[in-house]
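Comments concern the structure below.
The values are calculated or read from the model by the stated rules, or taken from the named source; none is laboratory data. The structure presented is a predicted model; accordingly, all values stated were derived computationally and were not measured. All Cβ positions, even for glycine, are placed from backbone atoms using ideal geometry, and neighbour counts span all protein chains on display.
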Amino acid sequence: MTAALLSKPRVTPEILETIPVFKPLIERDEIAAATGALEMGWLGMGSYVGRFEQALQDFTGCHDRHVAAVSTGHAALHLAMIIAGVRPGDEVITPSFNNVADFQAILAVGARPVFCDIDDTTLCIDLNKAAELVSPRTRAIIVMDYDCLLCDHDGVKALADRCGLRVIHDAAHSFGSNYKGKRVGSFSDLCMFSFDPVKTVTCIDGGALIVDSEEDLRRVQEMRLVGMGQPATVMYQNQRAWTYDVSQVGYRYHMANLHAAIGLAQLSRFDVISATRREACRYYNARLGSIPEIRVPQTDFSEVTPFLYYIRVNPADREPLRAHLREKGIDTGIHWQPGHWFTLFKECRRGDLSVTERVGNEILSLPLHSCMSAETLRRVADGVASFYGG
């Protein structure tokens, strides 16, 4: 075989690598952590999981609360529903503008979603409209921080206290963010995180649920391990207890050592992850905020660690803009289609969803990664601006 055939084809300016919406920051630290976990040979839940839970508790400052690492964010949501006492026939108020995992977690316990509208600026739940939806069957409310904007969590607590509701805080987008000086995860009734492949901090896949009592922690620890009452402290020593009781229904929701090891490596570099994401979002806002046809997030990103960067455009422009960017090697996403648009949820009770309807047709996610290069950011911004003649 000739040297010419072995050489890589030359990349011309016209042939550019596609910029994905998501790109996890996997470098030498994560690879070394994964190798160490594999070489240890204890592949199930073990010492790395215990260390990861302690690191999450330290990171969030939730020292009066308890952290349980689980297999996915959806697992955390499902277990949160159970801990909140949501039962068949109950209702759970949720933004329709939310991830389908939340809706499925409600169905998994036999309850029904009640779809609420969102605030036009924050894209988080509209608490005034949520109050109008509370009924005798309402057991809980899901509040979700969307991308780089947080809920009015003081207002959430006031509504929950007034109406006797449990609060499930979906913080899948807001890990590492602060609300009025308090780290997300340190103040909510029940708070879940997701560490799936595209999140700001990834464990390959994983999640966590933060609860406020040792009894709830014990229940979660048993439920995540198919109901086995095997002490977590034993498993965190890479050992098993061979005699135990099973006293409740359980699920295979535990986190594996390999995933926790990668999560620990990611946490050690969180300052860089957070700072570079804020810098990228500020660049986007500066470049795109002056285009009349575009609405950008109304924030300076100072207290948040952004998961996504979105713009809002005229619905008639969205698909042509996506096609335009695709031709330039730039991927885009839609986060999300509102829940009440899906066949499975069309019959669910709902309130006025006029803002949700509008946002669902306008929203467009642009690429956002940790440690994005200046050239990548320019390519994306130039691509969007060129569509509008800039």
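Data overview
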| quantity | calculated |
| --- | --- |
| Extreme residue, modelled with the lowest pLDDT, among residues of the range 100-147 that are assigned to a loop (DSSP other than H, G, I, E, B) and either in contact with a His (Cβ under 8 Å, 6 or more places away or on another chain) or among the acidic types (Asp, Glu) (or both) | Asp147 |
| Per-region count, the range 373-390, residues at negative phi, out of contact with any strand residue (DSSP E or B) (no Cβ under 9 Å at 6 or more places or on another chain) and not polar (S, T, N, Q) | 9 |
| The one condition in (1) touching a residue at least 60 places away in the same chain (Cβ under 8 Å); (2) over 13 Å from the mean Cα position of the chain (by Cα); (3) in a loop (DSSP other than H, G, I, E, B); (4) crowded, with 19+ Cβ neighbours inside 10 Å that Cys203 fails to fulfil | (2) |
| Out of Ala84, Ala69, Ala108, sole residue that is under 21 Å from Ala256 (Cβ atoms) and assigned by TED's automatic domain parsing to the domain that holds Phe193 | Ala69 |
| The range 94-109, residues that are buried (at least 20 other Cβ atoms within 10 Å of the Cβ), touching a residue at least 60 places away in the same chain (Cβ under 8 Å) and of a type in the set (Val, Ile, Thr) | Thr94 |
| Some residue of the range 277-289 being outside any helix (DSSP H, G or I) and not assigned by TED's automatic domain parsing to the domain that holds Gly333 | no |
| Test result for Gly61, over 18 Å from Gly339 (Cβ atoms), surrounded by fewer than 18 Cβ atoms within 10 Å (Cβ to Cβ) and under 20 Å from the mean Cα position of the chain (by Cα) | yes |
| Selection from the range 169-183 of residues that are assigned to a loop (DSSP other than H, G, I, E, B), under 14 Å from Gln57 (Cα atoms) and touching a helix residue (DSSP H, G or I) at 6+ places or on another chain (Cβ under 7 Å) | Gly176 |
| Hey, Asp300 modelled with pLDDT of 95 or more, under 30 Å from Thr60 (Cβ atoms) and either of a type in the set (Asp, Glu) or assigned to a strand (DSSP E or B) (or both) or not | yes |
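Table: residues versus (1) surrounded by 18 or more Cβ atoms within 10 Å (Cβ to Cβ); (2) assigned to a loop (DSSP other than H, G, I, E, B); (3) of a type in the set (A, V, I, L, M, F, W, C); (4) touching a residue at least 60 places away in the same chain (Cβ under 8 Å).
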site: Ile311; (1), (2), (3), (4): yes, no, yes, yes
site: Ala316; (1), (2), (3), (4): no, no, yes, no
site: Pro320; (1), (2), (3), (4): no, no, no, yes
site: Ala323; (1), (2), (3), (4): no, no, yes, no
site: Arg326; (1), (2), (3), (4): no, no, no, no
site: Gln337; (1), (2), (3), (4): no, yes, no, no
site: Cys348; (1), (2), (3), (4): yes, yes, yes, yes
